[in-house]
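Just below is one structure, and these are the notes that go with it.
Derivation of every value follows stated rules applied to the coordinates shown; laboratory data play no part. Predicted model only: the values in this text are computed from it and were never measured. Positions of Cβ are generated from backbone atoms using ideal geometry, with glycine treated the same way; all protein chains shown enter the neighbour counts.
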Amino acid sequence: MGKYFGTDGFRGEANVDLTAEHAFKIGRFLGWYYSRGKEGGCKFVIGKDTRRSSYMLEYALVAGLTSTGADAYLLHVTTTPSVAYVVRTEDFDGGIMISASHNAFYDNGIKLLNSRGEKMDEETIGKIEAYLDGGIGEVESAGREKIGRTVDYAAGRNRYTGYLISLAIRSYRNVKVGLDCANGSSWMLAKNIFDALGAETYVINNQPDGTNINMNCGSTHIEALQELVRTKGLDVGFAYDGDADRCLAVDENGEVVDGDKILYIYGRYMKERGKLQNNTVVTTVMSNLGLYKAFDELGIEYEKTAVGDKYVYENMLANGHRLGGEQSGHIIFSKYASTGDGILTSIKLMEVMLERKTTLSKLAEPVHIYPQLLQNVRVADKEAALQNPALAAEIAAVEAELGTDGRVLIRPSGTEPVVRVMVEAADDDLCRQYVGRLVAVLEAQ
């Protein structure tokens with residue numbers, strides 16, 4: 001990870017860490033870099049979420065792109081996966097999504113995608129960072145007829161909507177579905193799709209005002225959707241985050257079905273139909289032990305990557321796997337998308353429910369989720385802390401006591417001087433006990 005760009009783009013507080021000047025310069029570099037030697041310049045498609053600052057950053061990016069000869073196609077308020085879809089299915093050089101995902105409204109971010117709708121490569125990101133820091137001289141501006149243009153491209157968003165509708169193989173008639181749109185990118189798209197498929201749709205948090213995105217709603221605050229499902233007697237509920245690349249579900253009893261359970265449900269469904277390529281599901285190291293035990297029962301293999309849907313997708317791409325994701329709800333169906341897609345995940349879960357003629361709670365029942373406790377410990381030197389023999393000895397002791405009924409995961413933060421200590425065990429008291437022992441060793445250094 002670089003100075004500005006992390007695993008999910010350039011993110012920070014708008015007008016503090018991420019400014020209009022940053023956006024303008026990113027646009028200028030991209031427009032110049034991708035237009036070199038290309039007749040008529042390059043083309044980028046841009047989407048944004050509902051944050052107040054998204055408009056400021058959008059206009060700054062457009063100014064930068066067009067000033068160096070690129071054309072900017074605007075999808076307006078839309079989801080991250082819709083930008084990826086438009087980029088990879090049309091003749092675009094890249095895509096930009098303006099969003100800070102599940103963060104509060106005052107944060108924002110810039111996510112960059114290549115021409116295949118995938119996260120932009122590190123080499124190009126490094127060049128952008130060098131330009132932002134003045135390490136590359138000023139890029140050339142376009143003149144006269146070579147100045148880029150801006151195109152209203154709501155048609156691209158509509159094509160994406162039609163694509164998702166086309167993936168549903170059954171009508172949702174007589175199915176009562178709840179949607180929590182997090183006052184974000186999915187606020188119109190999700191209901192339109194479920195209505196078109198015939199569902200009896202109940203929607204909450206679909207009135208964005210620029211400052212209420214993710215505020216006590218969406219996949220990070222799923223209690224509101226649980227309440228909606230219970231009080232309205234719904235069959236299922238789906239909660240998205242700010243840019244709708246995540247989805248968590250709620251079953252008919254109001255219980256949460258997280259990303260791990262979603263991976264189990266769809267992984268099992270694929271295996272039963274002979275569609276699970278390589279008999280493997282890709283997870284991150286944060287997936288629950290209960291998921292792995294459930295996969296073991298089914299004879300499904302799995303791979304573990306670093307935390308981040310970027311790493312999940314890279315593994316899937318390199319090895320030809322078709323299903324992967326994170327506990328947090330980033331689920332990637334590589335046959336249909338190059339990113340996590342919350343609405344697509346909803347459609348795929350609906351498919352399993354309707355094809356198997358059963359409830360979401362029954363589908364998720366075989367996965368016993370182990371209690372999990374995570375604690376961050378601030379340290380002076382992450383590497384030194386992790387190499388401490390006393391810590392290694394305590395980890396070995398805890399793992400021996402846990403046996404096959406738990407696990408320990410200790411990893412450094414990618415952005416802070418912090419070591420993250422996670423323990424899974426049979427009950428919450430054991431989690432607290434073992435985390436306390438490991439934290440005490442770290443704090444004694």
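Alpha carbon centre of region 51-84 versus region 379-445: separation in Å?
43
Round to a whole angstrom and tell me the spacing of the C-alpha centers of region 90-115 and region 249-271.
Cα centres, region 90-115 to region 249-271: 27 Å.
For 382, 232, 348, what ranking results if the residue with the fewest other Cβ atoms within 10 Å of its Cβ goes first?
On the way: 382 18, 232 13, 348 23.
In increasing order of surrounding Cβ atoms, one gets 232, 382, 348.
How high is the FRET efficiency between residue 36 and residue 76 when r is their beta carbon distance and R₀ equals 25 Å, given to the nearest 0.05? List each step's numbers first, then the result.
On the way: r = 29 Å, r/R0 = 1.14.
That pair, residue 36 with residue 76, gives E of 0.30.
Given points 7 Å out from each Cα along the Cα-Cβ axis, report the residue 303 to residue 165 separation in nanometres with one decimal.
Result for the modelled spin labels: 3.7 nm.
Quick one: of the DSSP bridges fully inside region 168-364, what percent are antiparallel, nearest 5?
Values: 9 of 25 bridges.
So the antiparallel bridges amount to about 35 percent of the total.
Filter the GluC sites (Glu not before Pro) in region 58-152 down to the DSSP loop ones having no more than 16 other Cβ atoms within 10 Å, then list what survives. Don't jump to the answer; show the numbers that get you there.
Working: sites: 58, 90, 118, 122, 123, 129, 138, 140, 145; in loops: 90, 118, 138, 140.
Loop-located and lightly packed - 90, 138, 140.
Which entries in 232/362; 293/382; 293/357 show an alpha-carbon gap greater than 27 Å?
Cα-Cα > 27 Å for 293/382; rest within.
Can you tell me, using C-alpha contacts under 8 Å and at least 6 residues apart, the relative contact order of region 5-154 as a whole percent?
On the way: 320 pairs, mean separation 46.0, N = 150.
Relative contact order, region 5-154: 31 percent.
With Cβ to Cβ distances under 14 Å as the rule, what net charge do the other residues near residue 14 carry (K, R +1; D, E -1)? Each step should come with its number before you reach the end.
Details: positive: 11, 48, 51, 52; negative: 13, 17, 21, 49, 58, 107.
Summing Lys and Arg as +1 and Asp and Glu as -1 gives -2.
Can you put 157, 356 in order of Cβ neighbours within 10 angstrom, beginning with the fewest?
Numbers: 157 23, 356 14.
Fewest-to-most Cβ neighbours within 10 Å comes out as 356, 157.
Please list, ordered by chain and number, the residues whose modelled amide H lies under 5 Å from the amide H of residue 73; skip anything fewer than 5 residues away on the same chain.
44, 45, 46, 151
May I ask you to list, by number, the DSSP H helices of the chain whose Cα span along the axis is at least 18 Å and whose average Kyte-Doolittle hydropathy reaches -1.0 or more? Please report the intermediate quantities before stating the final value.
Numbers: long enough: 20-35 (22 Å, -0.17); 52-67 (24 Å, 0.44); 154-167 (21 Å, -0.12); 259-272 (19 Å, -0.66); 342-356 (21 Å, 0.74); 389-402 (20 Å, 1.07); 428-443 (22 Å, 0.23).
Span-like helices here: 20-35, 52-67, 154-167, 259-272, 342-356, 389-402, 428-443.
Exceeding 18 Å between C-alpha atoms, which entries from my cross-link table qualify? They are 176/335; 38/119; 127/304; 43/111; 111/146; 271/335. Kindly include the intermediate steps, with their values, before the conclusion.
Numbers: 176/335 28 Å; 38/119 22 Å; 127/304 30 Å; 43/111 16 Å; 111/146 26 Å; 271/335 15 Å.
Pairs exceeding the cut-off: 176/335; 38/119; 127/304; 111/146.
Considering only the chain, what is the antiparallel percent among its DSSP beta bridges, to the nearest 5?
Values: 33 of 64 bridges.
Around 50 percent antiparallel, to the nearest 5.
Looking at the chain as a GNM with Cα springs under 10 Å, which of 175, 281, 312 has the largest mean-square fluctuation?
The residue with the greatest mean-square fluctuation here is 175.
List the aspartates and glutamates whose alpha-carbon lies under 16 Å from that of residue 275, not counting same-chain residues fewer than 8 positions away?
Excluding near neighbours in sequence, the set is 301, 351, 355.
Report the residue, chosen from 115, 328, 171, that carries the largest GNM mean-square fluctuation when the chain is represented by alpha-carbon nodes joined by springs under 10 Å.
Evaluated over the chain, the most mobile residue of the options is 171.
For region 319-438, go through all pairs of different Cα atoms, get the mean of 1/r, take its inverse, and jot down that Kirkwood value in Å.
Here the Kirkwood hydrodynamic radius works out to 17.3 Å.
For the chain, what is the calculated [θ] at 222 nm in deg cm²/dmol (nearest 500), taking -39500 (n - 2.57) for each run of four or more DSSP H residues and dividing by its residue count?
Numbers: 15 runs with 175 residues, N = 445.
Dividing the helical sum by the residues of the chain leaves -12000 deg cm²/dmol.
For Cα pairs less than 8 Å apart in space and 6+ apart in sequence, what is the mean separation divided by the residue count of region 372-443, i.e. the relative contact order in percent?
Values: 105 pairs, mean separation 32.3, N = 72.
Once divided by the residue count of region 372-443, the mean separation gives 45 percent.
Please compute the contact order of region 14-70 in relative form: average sequence separation of alpha-carbon pairs under 8 Å and at least six residues apart, divided by the residue count, as a percent.
Details: 70 pairs, mean separation 31.7, N = 57.
Relative contact order, region 14-70: 56 percent.
So for 314, 399, fewest C-beta neighbours within 10 Å to most, what's the order? Let's see the in-between values first.
Details: 314 17, 399 14.
So the residues, fewest neighbours to most, are 399, 314.
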